């Protein structure tokens, strides 16, 4: 597992990210694997959150809380500073995967809003985790946690050095790897075969890299109309997850 990246955010760092919003903070407090270092909250929010006794809470007004997070971030009266979660390992989730497991692989999807939304959809449709390339994915942050609406605390997120090698390991574990791309010759429903599926999605604009495509067992497209050119990657992930979960 590679080293954690440094972050240039002024509102928390990769080593001490700040999370905000009631759903994200509640999920973090409920996660026994998450270490909460400190908290800031309005008195009303503090009563609602019921922080553990060992967490020091600083009472603050809404304006003060706004200075602890990026501009216009919807903090809902509560901000916490945490330690990043321990690294998840690909071998662990592959070994424990059920026969009909669905796994998501993201090829250089770097926008934290998209990654957070994908985490939320993956948790909603029962995926066993997401896999990203460490150097080309965002670190844990409040933006991801807010978009994930609690899923950051519940879904394993595996960061790998070499995505192609990870795809090989995924195939060795019996997963059918489907790369989602608009130029594929067949729809996703026709590419779904074996019960274990790994859905592979690329970044918006550039899509799947050639080496990633070559490490997929099939390429497939979503059957969208000509009214739009493509779907946002997080929307595409949600549709693909639904299709895989209902086959």
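Is at least one residue of the range 182-194 within 20 Å of residue 110 (Cα to Cα), assigned by TED's automatic domain parsing to the domain that holds residue 133, under 22 Å from the mean Cα position of the chain (by Cα) and not in a helix (DSSP H, G or I)?
No, the range 182-194 contains no residue that is within 20 Å of residue 110 (Cα to Cα), assigned by TED's automatic domain parsing to the domain that holds residue 133, under 22 Å from the mean Cα position of the chain (by Cα) and not in a helix (DSSP H, G or I).
Could you check residue 204 against (1) closer than 22 Å to residue 172 by Cα; (2) touching a helix residue (DSSP H, G or I) at 6+ places or on another chain (Cβ under 6 Å) and say which number it fails?
It fails just one condition, (1).
Restricting the search to the range 24-47, which residues are part of a helix (DSSP H, G or I) and surrounded by fewer than 16 Cβ atoms within 10 Å (Cβ to Cβ)?
30, 43, 44, 47 - these are the residues of the range 24-47 that are part of a helix (DSSP H, G or I) and surrounded by fewer than 16 Cβ atoms within 10 Å (Cβ to Cβ).
Is it true that residue 86 is touching a residue at least 12 places away in the same chain (Cβ under 8 Å) and surrounded by fewer than 19 Cβ atoms within 10 Å (Cβ to Cβ)?
So residue 86 fits the description; yes.
Scan the range 140-177 for residues that are part of a helix (DSSP H, G or I) and touching a helix residue (DSSP H, G or I) at 6+ places or on another chain (Cβ under 8 Å) and report the count.
So the answer is 16.
For residue 127, work out the one condition from (1) crowded, with 21+ Cβ neighbours inside 10 Å; (2) in a loop (DSSP other than H, G, I, E, B); (3) free of Cβ contacts under 8 Å to residues at least 40 places away in the same chain it doesn't fulfil.
(3)
What are the residues in the range 218-242 that are surrounded by 18 or more Cβ atoms within 10 Å (Cβ to Cβ) and either outside the structural domain of residue 193 (by TED's automatic domain parsing) or in a loop (DSSP other than H, G, I, E, B) (or both), if any?
222
The values are calculated or read from the model by the stated rules, or taken from the named source; none is laboratory data. The structure displayed is predicted, hence computed values, not measured ones. Please note: Cβ atoms are built from the backbone with ideal geometry, for glycine as well, and neighbour counts cover all protein chains shown.
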